[in-house]
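The values are calculated or read from the model by the stated rules, or taken from the named source; none is laboratory data. Being a predicted model, the structure only gives us computed values, none of them experimental. FYI the Cβ positions are ideal-geometry reconstructions off the backbone, even for glycines, and counts take in every protein chain you see.
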């Protein structure tokens, strides 16, 4: 079952069930978060609760997309209560591109590996523990709160101080924190964990800065477990022409960490157990156009598609000005 969030004809919020080219409006609950929290309280799966609630009006899926009325499939009414984070070096293709970016040679001896290759090696050796105990920690970063997420189809802002804006096609884990303070996975979605790769390339210690950018995920939320192997396609269009395209494998068969291990190392922190909060966790990528020498330009359109997740995620990039300038901090 796939869900979306959208705005109705009168701009009220609604949850929709994807049914081919139609979106069937869910009865009773207006947000995925409220629906998930109620399922937790009743001890039910979301799909079970959805079936009991039933649906009402049907909408044209394409019309909702064309009119910009499709929302991210999970959010919080207060964006400050939505945590956007991610993990890197989790896929079998990610370490090579990161190592190449920082132009450091790699050898079989760990003492000679750069930090990216060391962390990837640790993940390969200990990221999928078989004994039920926590495995090695992944790379982890903070991207922002819910205010940094744009809708499917909406432009990704590129701030004035950014050096670059490149796509990172990923699967995203979507979670809510229940009344008991424990995390519950709502499902997965396609995501674009857009990053300033040029800034990161200057020095890997700039990684934290490079990740503080807008991102997007959706349009659909896929309930249930992530298949062990899925393959998507990411492309960049410039003036409607495809200038770069690449397939990318994901799912645990293509990862150096298990989903459970990534989830443990995010939610082991007590500060991430606040009831009602939403967590969006980008789970890592294996490809990026930057690694193939592509320099993005304003107006470029990113398209990320995984067939098992429904319609593609499409966002253009747009340069923006910043209201904050040097010396603007006032003394009180």
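For region 154-163, filtering for residues that are within 16 Å of residue 313 (Cβ to Cβ) and surrounded by 20 or more Cβ atoms within 10 Å (Cβ to Cβ) leaves 1.
Checked against (1) exposed (fewer than 15 other Cβ atoms within 10 Å of the Cβ); (2) closer than 15 Å to residue 71 by Cα, residue 14 passes all but condition (1). Looking at region 217-313, the strands (runs of 3 or more DSSP E) lying wholly inside it that each contain 3 or more residues that are buried (at least 23 other Cβ atoms within 10 Å of the Cβ) and under 17 Å from the mean Cα position of the chain (by Cα) sit at 278-282.
Does residue 41 fit the bill of being surrounded by fewer than 14 Cβ atoms within 10 Å (Cβ to Cβ), in contact (Cβ under 8 Å) with a residue 40 or more places away in the chain and not assigned by TED's automatic domain parsing to the domain that holds residue 154? Spell out how you get there, then give the answer.
Numbers: surrounded by fewer than 14 Cβ atoms within 10 Å (Cβ to Cβ): yes; in contact (Cβ under 8 Å) with a residue 40 or more places away in the chain: yes; not assigned by TED's automatic domain parsing to the domain that holds residue 154: yes.
It is true that residue 41 is surrounded by fewer than 14 Cβ atoms within 10 Å (Cβ to Cβ), in contact (Cβ under 8 Å) with a residue 40 or more places away in the chain and not assigned by TED's automatic domain parsing to the domain that holds residue 154.
Looking at region 314-332, which of the residues that are in a loop (DSSP other than H, G, I, E, B) and in contact (Cβ under 8 Å) with a residue 24 or more places away in the chain is nearest to residue 229 (Cα to Cα)? Looking at residues that are in a loop (DSSP other than H, G, I, E, B) and in contact (Cβ under 8 Å) with a residue 24 or more places away in the chain, I get 320.
For region 29-38, filtered to residues that are over 10 Å from residue 50 (Cβ atoms) and in contact (Cβ under 8 Å) with a residue 24 or more places away in the chain, the residue that is surrounded by the fewest Cβ atoms within 10 Å (Cβ to Cβ) is 31. Scanning region 155-213 for residues that are over 19 Å from the mean Cα position of the chain (by Cα), under 29 Å from residue 270 (Cβ atoms) and assigned to a loop (DSSP other than H, G, I, E, B) turns up 178, 179, 180, 181, 182. With the condition kept exactly as written, say whether any residue in region 241-259 is farther than 30 Å from residue 40 by Cα and free of Cβ contacts under 8 Å to residues at least 12 places away in the same chain. Scanning region 241-259 turns up at least one residue that is farther than 30 Å from residue 40 by Cα and free of Cβ contacts under 8 Å to residues at least 12 places away in the same chain.
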